[in-house]
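What follows is a set of notes on a single structure, which appears directly below.
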Amino acid sequence: MLDRRLAVAPMMDRTDRHGRFFLRLLTRHTLLYTEMTTTGAILRGSRDRHLGFDPRERPLALQLGGSDPVAMAECAALADSYGYDEININAGCPSDRVRDGRFGACLMAEPETVAACIRAMATATRLPITVKHRIGIDKRDDYGGLVRFVRTITDAGCRSVIVHARIAVLGGLSPKANRTIPPLQYPTVWRLKQDFPEIHVVINGGIRCLSEARDHLARVDGVMIGREAYTNPYLLATADREIFGDAAPASSRSAVAEALANYMAAQAAGGVPAHRITRHVHGLLHGIVGARGWRRVLSGASATPDPGWRDTLLAAAAAA
Ligand SMILES: Cc1cc2nc3c(=O)[nH]c(=O)nc-3n(C[C@H](O)[C@H](O)[C@H](O)COP(=O)(O)O)c2cc1C
């Protein structure tokens, strides 16, 4: 059974495999998500590029974008064969591009389509199938609509939902604005948990530290953190102890930098340029003395790492 008490949100361009590897150096137990990957990309593109990951990233969920049950089932079978721990359906992204492909938040208006996907996927895999959605979309933002959506997908076999606690405005607001302008409504998600005690309800949106996460955990089953985990990833260093009750000590920033340097060296040997990794780790020293030096060293390492880059990197982390 997957432990979903804390997760880092799926984020395009951020939770790619290098971003996730870095996050995993900070926390062993937090559930990680891929960026949204469309069924079209997986079925028509390079499977290894879209689905491949380092087993050390686990526990790991694949987020799928799509609404065709046959394609979703095919991708679910592939995800299973690659070793993912969960498959998540994106019913929360408000982007126009996604809407034109008939997936993302617009699926909240089509609960039967999501249910059909879940049923088809369940014939292809025994992995848990979860849905990430909003509390509603504009013009359909009443609590009754949310309950109907969740009832329909749970009747189809979904046992865990991740709810971004704001509505999505489709048309008129950019995805970025859709993450700030519609107000957060945590009580709606708490109420959903009361009305669906038998399923796992994970809350998402605007959560910025572990003490906030703990407060939510008194009312729901899990917490998903997005932007703050990217801007200030070191907040995850105490998550294993504070959220999951693991007594192992938190990794120091220096230890994380050292593991990162080893990872970069191994990746470089396989032809992965340093900048594909360093772009995700700028926040490691967020908010403390030395942050600027760390970012400067990262920019240097991202260009053409000189033979001394490893020492420079470790010195910059140790200077904090
Ligand atoms: C850069 C960026 C990319 C995102 N990409 C995705 C995505 O691929 N799939 C998804 O479901 N949500 C995506 N989101 C939304 C987040 O998963 C999350 O729901 C949202 O940021 C609210 O959580 P937060 O306030 O903790 O950041 C993205 C958010 C950001 C900032």
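General remarks:
- Phi-derived couplings, Karplus 6.51 cos²θ - 1.76 cosθ + 1.60 at θ = phi - 60°, listed residue by residue for region 18-34: 6, x, 5, 4, 4, 4, 5, 5, 8, 8, 7, 9, 4, 6, 10, 10, 6 Hz, with x used for Gly and Pro.
- Residues whose amide H falls under 5 Å from that of Q63, counting only those 5 or more places apart or on a different chain, are T34, T37, N88, with hydrogens built in the peptide plane.
- Size of electric dipole in region 92-184: Cβ of Lys, Arg +1 and of Asp, Glu -1, about Cα centre, debye, nearest 20: 240
- Net charge dipole, region 137-282: roughly 440 debye, given to the nearest 20, about the Cα centre with Cβ charges of +1 for Lys and Arg and -1 for Asp and Glu.
- Amide hydrogen neighbours beyond the local backbone of I207, cut-off 5 Å, H modeled: G226
- In the chain, taking the dipole from charged Cβ atoms about the Cα centre, the farthest positive-side position among S81, A61, I118 is held by A61.
- Computed extension gain for A218 through Q194, at 0.36 nm per residue and net of the alpha carbon distance, reaches 7.5 nm.
- Couplings for region 167-179, taken from phi via the Karplus curve 6.51 cos²θ - 1.76 cosθ + 1.60 with θ = phi - 60°, read 6, 9, 9, 8, x, x, 10, 5, x, 5, 4, 5, 9 Hz in order; Gly and Pro are left as x.
- Nearest-0.05 FRET efficiency for L43 and H286, computed from C-beta distance (R0 25 Å): 0.05
- The trypsin sites (Lys or Arg not before Pro) of region 59-134 that DSSP puts in a loop, and whose beta carbon has at most 15 other beta carbons within 10 Å, are R102, R126.
- Only one residue of L43, A257, T312 has its Cα farthest out toward the positive end of the dipole of the chain, where Lys and Arg carry +1 and Asp and Glu -1 on Cβ, and that residue is T312.
- Set of aspartates and glutamates with alpha-carbon distance to K176 below 13 Å, sequence-local pairs under 8 removed: D96
- Relative exposure of M224, M11, judged by other C-beta atoms within 10 Å (fewest first): M11, M224
- Table column - 3J(HN,Hα) (Hz), region 136-146, Karplus curve with 6.51, -1.76, 1.60, x for Gly and Pro: x, 10, 4, 6, 9, 10, 7, 4, x, x, 5
- For the chain, share of DSSP beta bridges that run antiparallel, in % to the nearest 5: 5
- Helical content alone sets the calculated 222 nm signal of the chain at -12000 deg cm²/dmol, taking -39,500 (n - 2.57) per DSSP H segment of four or more residues and averaging over every residue.
- The trypsin sites (Lys or Arg not before Pro) of region 167-254 meeting both criteria, a DSSP state outside H, G, I, E and B (loop) and at most 10 other C-beta atoms within 10 angstrom of the site's C-beta, are K176.
Bear in mind these aren't lab numbers, they're just calculated from the coordinates by the rules spelled out. The structure presented is a predicted model; accordingly, all values stated were derived computationally and were not measured. In this analysis, Cβ positions are derived from the backbone assuming ideal geometry, glycine residues included, and neighbour counts consider all displayed protein chains.
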